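Read through the structure below, which is laid out as structure tokens, and then see the notes.
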Amino acid sequence: LSPLIDELLQRYPAKSIKSIRQVIETGTSIFVPDINDQELAANVVDDRHLEIVKTLGTKSYIIVPIRTRNKILGAIAFVRGDMARRYNQDDLA
């Protein structure tokens, strides 16, 4: 899986991902406890990106803004795959 993760990070910088940009722009977290194919397709850049994300088994994610005082510096994404439990409200808190 490491080569796929390397490719993902190199080809698709965080700012190219729609949901990450949304969190940075709005300052509001995104919590998707059970991602479906439609949600996946809406957040990828191209067909290769979708293929990688599906191969990695993305099933649940949380994206939260990184703040300092009143300024948003960026966002961090936490992603779970097939073999892990899905995120829940406690994880978001």
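The values are calculated or read from the model by the stated rules, or taken from the named source; none is laboratory data. For clarity, every value in this text was computed on a predicted model and none was experimentally measured. Every residue, glycine among them, receives a Cβ derived from its backbone with ideal geometry; neighbour counts consider all protein chains shown. When the accessible area is computed, the model is the full protein with side chains, heavy atoms only, and any ligands, DNA or RNA have been set aside. Shrake-Rupley method; radii C 1.70, N 1.55, O 1.52, S 1.80 Å.
Could you do me a favour and compute the accessible area per residue for the chain, 1.4 Å probe, result in Å²?
Numbers: 6250 Å² over 93 residues.
Ligands and nucleic acids excluded, the figure is 67 Å² per residue.
An oblate overall shape is assigned to the chain, the ratio a/c of its alpha-carbon gyration tensor axes (a ≥ b ≥ c) being 1.5 or greater and a/b not exceeding b/c. Placing unit charges on each Cβ (+1 for Lys and Arg, -1 for Asp and Glu) gives segment 2-93 a dipole about its Cα centre, and among Ser2, Asn36, Ser16 the Cα reaching farthest toward its positive end belongs to Ser16.
Straight-line cross-link partners of Lys71 among the lysines, defined as a Cα under 27 Å from its Cα and at least 8 positions apart when in the same chain: Lys15, Lys18. Using a simple spin-label model with points 7 Å from Cα along the Cα→Cβ vector, what separation in nm is obtained for Thr55 and Gln89? Simple spin-label model gives 3.8 nm for this pair.
Taking the Cα atoms only, what angle lies between the long axis of helix 2-11 and the longest principal axis of the chain, rounded to 10 degrees? That works out to roughly 60 degrees. Overall, the chain carries a charge dipole of about 460 debye about its Cα centre when +1 sits on the Cβ of Lys and Arg and -1 on the Cβ of Asp and Glu, all other atoms neutral. For Ala75, nonlocal amide neighbours, meaning residues 5 or more places apart or on other chains whose placed amide H falls under 5 Å from its own, are Ile66. Positive end of the dipole of segment 28-93 (Cβ unit charges, origin at the Cα centre): among Val53, Asn70, Ala93, the Cα lying farthest that way belongs to Asn70. With a Förster radius of 30 Å applied to the C-beta separation of Leu73 and Arg11, the computed FRET efficiency comes to 0.80. For Ser60, nonlocal amide neighbours, meaning residues 5 or more places apart or on other chains whose placed amide H falls under 5 Å from its own, are Ile35, Arg80.
Below 8 Å, C-alpha to C-alpha, sequence gap of six or more: please give me the relative contact order for the chain in percent.
Details: 124 pairs, mean separation 26.7, N = 93.
Relative contact order comes out at 29 percent.
Taking all protein chains in place and a 1.4 Å probe, what share, in percent, of the accessible surface of the chain do carbon and sulfur account for? That fraction is 51 percent.
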